[in-house]
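To start, the structure itself, in structure tokens.
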Amino acid sequence: MNIQLEEIARIWPDIQNIFSVPHNEKGYKQLVQFLDGLIDEVGEDESHPLASLMETLGSLIESYEARNIPEIKGDPIDTLETLMEEHGLKQSDLQEIGSQGVISEILTGKRQLNVRQIRLLSKRFNVSPSIFIS
């Protein structure tokens, strides 16, 4: 075994839950929570040393979601409008996402949702973040 594989074999027991496709809801939620913390750390800094880890974890989460969570298809803005309607919300009810002006710009397509907003909307409506990504 080469040196890299030996090193991986040594640390694998400690990191396997982070780098494995989740097989149940508990594992899925743990991985999503880990990714949320990573997003808080990395933000939108593509040069951050852990930026590629976000992509890897996103792929593992997507794999679980594709098998276990029904996909809502459509435009992210249409989806947001539908969720707002279903929950009886107005633009002013989404202050954690931004000002009413920011929400208006998002809903009219003048502005795209950023990573932080997607994460907050996903948590608020208890849906996969992927429905807010076009």
- Item | Longest exposed-site-free window of the chain, the sites being GluC sites (Glu not before Pro) in a DSSP loop that have at most 15 other C-beta atoms within 10 Å | 1-43
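Please sort by residue number the chymotrypsin sites (Phe, Trp or Tyr not before Pro) in the range 1-92 whose DSSP state is loop and whose Cβ has at most 14 other Cβ atoms within 10 Å.
On the way: sites: 19, 28, 34, 64; in loops: 19.
Sparse-neighbourhood loop chymotrypsin sites (Phe, Trp or Tyr not before Pro): 19.
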- Note on the structure: Residue by residue through the range 76-91, the couplings from Karplus 6.51 cos²θ - 1.76 cosθ + 1.60 with θ = phi - 60°, in Hz, x for Gly and Pro, are x, 6, 4, 5, 4, 4, 5, 5, 4, 5, 4, 9, x, 9, 10, 4
- Residues of type aspartates and glutamates that residue 90 reaches as a straight line, Cα spacing below 17 Å, ignoring anything fewer than 8 places off in the same chain: 78, 81, 105
- Query: Over the C-alpha atoms of the range 38-122, what are the Rg and the largest Cα-to-Cα span, Dmax, in Å?
  - Reply: 14.8, 41
- For the range 119-134, what does the Karplus curve 6.51 cos²θ - 1.76 cosθ + 1.60, with θ = phi - 60°, yield as ³J(HN,Hα) per residue in whole Hz, taken in order and with x for Gly and Pro? 4, 5, 5, 4, 5, 4, 9, 6, 10, 5, x, 4, 6, 9, 10, 9
- Item | Between helix 51-68 and the chain: long-axis angle, C-alpha atoms, 0 to 90°, nearest 10 | 80
- Item | Cross-link partners of residue 26 among aspartates and glutamates (Cα-Cα below 12 Å; sequence separation of 8 or more within a chain) | none
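Out of the trypsin sites (Lys or Arg not before Pro) in the range 5-91, which ones are loop residues according to DSSP with at most 15 other C-beta atoms within 10 Å? Walk me through the numbers before you get to the answer.
Details: sites: 10, 26, 29, 67, 73, 90; in loops: 73, 90.
For trypsin sites (Lys or Arg not before Pro) across the range 5-91 that sit outside H, G, I, E and B with at most 15 neighbouring Cβ atoms in 10 Å, the list reads 73, 90.
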- Going residue by residue through the range 14-21, the Karplus relation 6.51 cos²θ - 1.76 cosθ + 1.60 with θ = phi - 60° gives ³J(HN,Hα) values, rounded to whole Hz and with x marking Gly or Pro, of 7, 10, 4, 5, 7, 10, 10, 5
- Item | Cβ-based charge dipole, the range 3-68, positive-most Cα from 38, 54, 24 | 24
- Message: Taking R0 as 22 Å, what FRET efficiency do you get between residue 99 and residue 48 from their Cβ-Cβ distance, rounded to the nearest 0.05?
- Response: 0.20
- Item | Additional length obtainable on full extension of the chain from residue 59 to residue 87, 0.36 nm per residue less Cα span | 7.1 nm
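Every read-out reported here was derived from the displayed coordinates using simple, explicitly stated rules and does not represent laboratory data. Just so we're clear, the structure is a prediction, and the values are computed from it rather than from any experiment. Because the Cβ atoms are built from the backbone with ideal geometry, glycine has one as well, and the counts that use them run over all protein chains shown.
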